[in-house]
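Peer 1: Here it is: the structure, laid out below.
The values are calculated or read from the model by the stated rules, or taken from the named source; none is laboratory data. Source: prediction; values computed, not measured. Cβ coordinates were reconstructed from backbone atoms using ideal geometry, including for glycine residues, and neighbour counts include every protein chain displayed. Accessible surface areas use protein heavy atoms only, side chains included; no ligands, DNA or RNA. Shrake-Rupley method; radii C 1.70, N 1.55, O 1.52, S 1.80 Å.
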Amino acid sequence: MFSLYLDLLLVSNGDVFRVSPLNVNQKDLLKLLELGDDIKFDVPALYVFGDSTVDSGNNNFLSSTSKANYPPFGVDFADGKATGRFSNGRIEADFIAQVAGLPFPPPCLGLSKEEQKTLRTGVNYGSSSCGVLPDTGKLFGTCLTFDVQTGLFETTVKNLQPLFDSPKTMADYLSKSLFFISIGNADISTGYDFLDNTTKQQTPFPKFAQAISQKFSDDIKKLYDLGARKFLVNSVGMMGCSPMVFNSKRSTTCDDEYNEHAQILNRLLSDLLPKLQSELVGWKFIFADVYKVFADIFASPNSYGFTNTRDNCCIAGENGTRPCIRDIRPCNNRNDHVFFDPFHGSETTHFILAKRCLKESSICSPINLVDFMRA
């Protein structure tokens, strides 16, 4: 069995820190992140929405070929078992939950009927291969679009209402809860990229991105109407520099068009969020620049403890352009790799994303996540 308690030393801006053990408590994690152990967060729940960057197992329950419910996924998670996370261990949402003193938000589709009516600490609705637009991910079977995920949250709200003594107390609970959204990657990779050339000529990417932004805005407003107020929104990552791109091109150079598409969508989302804040009373947000974190890692991998930015750690199908091959042992030096599979970051990468968002207002703006959760 692979070790579950890897204390990996990393160097970042001259400071040494460790990826926390799986069973770390909140107090020790705050110390590890050099946040002090006297910080108090008033965050009763973490609700997670998005694509494969946050899917914690919902696709396990769907008729989909996009699943991570088999080894070697989860090799560094509890008992080395796959959960549905596209990683060797935890993902960004898990680290945020641990910092906030909350349990990992379980996949919505895996909840028992009793849990659906009693769980007050948050739920994960993320679904791999899906996105904001309704057609994204259809080639892989069934998945939960952002619109479907917001509908599932509406059911959650109805189920939890009997637990609160008044509409006001439930509204207070929802207003303090954190809503984490990481979506849009699949709209580019399995949405626009899979369109035929004629359709692409008729719908240039800036127009396609506008459609994503508009539908994203509609779904955010739907969550707002249900009581959500505090939002952490991830940008799209540096998609043109993934092992899948390198392996498919048989090149060591990034795909500039992919990255340009990511930047176009990111600019639209970055412009949209302040507008929503001005329109929606009591609505607050921070925008996480995931693209910049990856750019920083690629520019100076050694300063983050990485020695491999190009290769996936697991053995992947079709010359490294498909997911991990089932039951084949991954690389031993997983923490040295930016990517675990050809598309998704390793547990170490997820930890760095969470750490920088928690501490740096240059990554999570207009204020860092620690201050946002304390506000």
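Peer 1: Looking at (1) crowded, with 17+ Cβ neighbours inside 10 Å; (2) among the polar types (S, T, N, Q); (3) at pLDDT 95 or above, which is the one condition that is false for Thr155?
Peer 2: Thr155 satisfies all of (1) crowded, with 17+ Cβ neighbours inside 10 Å; (2) among the polar types (S, T, N, Q); (3) at pLDDT 95 or above except (1).
Peer 1: Now for a separate question. Cβ-Cβ distance below 6 Å, separation of 6 or more or different chains: which pairs start in the range 218-233 with a residue that is within 18 Å of Ser182 (Cβ to Cβ) and end on one that is open to solvent by 40 Å² or more (accessible area, probe 1.4 Å)?
Peer 2: Asp219/Asp147; Lys230/Lys284
Peer 1: Just for the range 342-375: of the residues that are out of contact with any helix residue (DSSP H, G or I) (no Cβ under 8 Å at 6 or more places or on another chain), touching a residue at least 40 places away in the same chain (Cβ under 8 Å) and not hydroxyl-bearing (Ser, Thr, Tyr), which one is nearest to Val293 (Cα to Cα)?
Peer 2: His344
Peer 1: Filter the range 187-215 down to the residues that are aliphatic (A, V, I, L, M) and either more than 19 Å from Gly50 (Cβ to Cβ) or open to solvent by 10 Å² or more (accessible area, probe 1.4 Å) (or both) and list them by number. Give the derivation first.
Peer 2: Going residue by residue through the range 187-215, those that are aliphatic (A, V, I, L, M) are 188, 195, 209, 211-212.
Across the range 187-215, the qualifying residues are Leu195, Ala211.
Peer 1: Now a separate question. Identify, please: which residue in the range 36-68 is among the acidic types (Asp, Glu) and either at pLDDT below 95 or out of contact with any strand residue (DSSP E or B) (no Cβ under 8 Å at 6 or more places or on another chain) (or both) and is, among those, surrounded by the fewest Cβ atoms within 10 Å (Cβ to Cβ)? If you could, list the steps in order and put the result at the bottom.
Peer 2: Within the range 36-68, the subset among the acidic types (Asp, Glu) is 37-38, 42, 51, 55.
Subsequent filtering for residues that are either at pLDDT below 95 or out of contact with any strand residue (DSSP E or B) (no Cβ under 8 Å at 6 or more places or on another chain) (or both) retains 37-38, 42.
Working: Asp37: 10, Asp38: 7, Asp42: 10.
Once the filter is applied, the top-ranked residue is Asp38.
Peer 1: So is Arg334 of a type outside the set (A, V, I, L, M) and farther than 24 Å from Asp38 by Cα or not?
Peer 2: Working: of a type outside the set (A, V, I, L, M): yes; farther than 24 Å from Asp38 by Cα: yes.
It is true that Arg334 is of a type outside the set (A, V, I, L, M) and farther than 24 Å from Asp38 by Cα.
Peer 1: Within the range 249-259, can you find the residues that are surrounded by 14 or more Cβ atoms within 10 Å (Cβ to Cβ) and assigned to a helix (DSSP H, G or I)? Walk me through it before giving the result.
Peer 2: Let us first name the residues in the range 249-259 that are surrounded by 14 or more Cβ atoms within 10 Å (Cβ to Cβ), namely 254-255, 258-259.
Selection gives Tyr258, Asn259.
Peer 1: On to the next question. Across the range 87-111, what is the total count of residues that are open to solvent by less than 10 Å² (accessible area, probe 1.4 Å) and either in a loop (DSSP other than H, G, I, E, B) or closer than 23 Å to Ile325 by Cβ (or both)?
Peer 2: Number of matching residues: 6.
Peer 1: In addition: Let me confirm something: among Asp76, Asp94, Asp42, Asp51, which residue is in contact (Cβ under 8 Å) with a residue 24 or more places away in the chain, in contact with an Asp or Glu (Cβ under 7 Å, 6 or more places away or on another chain) and charged (D, E, K, R)? Full working, then the answer.
Peer 2: Values: Asp94 fails: in contact with an Asp or Glu (Cβ under 7 Å, 6 or more places away or on another chain); Asp42 fails: in contact with an Asp or Glu (Cβ under 7 Å, 6 or more places away or on another chain); Asp51 fails: in contact with an Asp or Glu (Cβ under 7 Å, 6 or more places away or on another chain).
Unique residue meeting the criteria: Asp76.
Peer 1: When the range 112-138 is examined, which residues are found to be assigned to a loop (DSSP other than H, G, I, E, B) and loosely packed, with under 15 Cβ neighbours inside 10 Å?
Peer 2: Those that are assigned to a loop (DSSP other than H, G, I, E, B) and loosely packed, with under 15 Cβ neighbours inside 10 Å: Ser112, Arg120, Pro134, Asp135.
Peer 1: Counting only residues that are over 20 Å from the mean Cα position of the chain (by Cα) and small (Gly, Ala, Ser), which one in the range 216-248 is most open to solvent (accessible area, probe 1.4 Å)?
Peer 2: Ranking the qualifying residues of the range 216-248, first place goes to Ser248.
Peer 1: All but one of (1) modelled with pLDDT of 95 or more; (2) over 18 Å from Tyr173 (Cβ atoms); (3) out of contact with any Ser or Thr (no Cβ under 9 Å at 6 or more places or on another chain) hold for Thr118; which doesn't?
Peer 2: Tallying (1) modelled with pLDDT of 95 or more; (2) over 18 Å from Tyr173 (Cβ atoms); (3) out of contact with any Ser or Thr (no Cβ under 9 Å at 6 or more places or on another chain), Thr118 fails exactly one: (2).
Peer 1: Scan the range 266-280 and report the pairs whose first residue is assigned to a helix (DSSP H, G or I) and whose second residue is of a type in the set (S, T, N, Q) and open to solvent by less than 50 Å² (accessible area, probe 1.4 Å), with Cβ atoms within less than 8 Å and a gap of 6+ or a chain change.
Peer 2: Note: pairs meeting the criteria are Asn266/Ser235; Leu268/Ser213; Leu269/Ser213; Leu269/Ser235; Ser270/Ser235; Leu272/Ser213; Leu272/Ser217; Leu276/Ser217.
Peer 1: So, in the range 348-359, exactly how many residues are open to solvent by 10 Å² or more (accessible area, probe 1.4 Å) and within 14 Å of Ile297 (Cβ to Cβ)? Reasoning before the result, please.
Peer 2: Narrowing the range 348-359 to residues open to solvent by 10 Å² or more (accessible area, probe 1.4 Å): 350, 353, 355-356, 359.
With the extra rule that they be within 14 Å of Ile297 (Cβ to Cβ), the set shrinks to 350, 353, 355-356.
Count: 4.
Peer 1: Go through the range 359-375 and give me each residue that's assigned to a loop (DSSP other than H, G, I, E, B) and either of a type in the set (D, E, K, R) or at pLDDT below 95 (or both).
Peer 2: Going residue by residue through the range 359-375, those that are assigned to a loop (DSSP other than H, G, I, E, B) are 360-363, 366-368, 375.
Once the filter is applied, which keeps residues that are assigned to a loop (DSSP other than H, G, I, E, B) and either of a type in the set (D, E, K, R) or at pLDDT below 95 (or both), the range 359-375 yields Glu360, Ala375.
Peer 1: Of these, Gly237, Gly227, which one is in a loop (DSSP other than H, G, I, E, B) and more than 28 Å from Asn308 (Cα to Cα)?
Peer 2: Details: Gly237 fails: more than 28 Å from Asn308 (Cα to Cα).
One residue alone meets the criteria, Gly227.
Peer 1: Restrict the check to the range 294-315 and report whether at least one residue is in contact with a Cys (Cβ under 9 Å, 6 or more places away or on another chain), closer than 21 Å to Asp94 by Cα and open to solvent by 20 Å² or more (accessible area, probe 1.4 Å).
Peer 2: yes
Peer 1: Which condition from (1) open to solvent by less than 60 Å² (accessible area, probe 1.4 Å); (2) in contact (Cβ under 8 Å) with a residue 12 or more places away in the chain is the one that Phe164 breaks?
Peer 2: The one condition Phe164 does not meet is (2).
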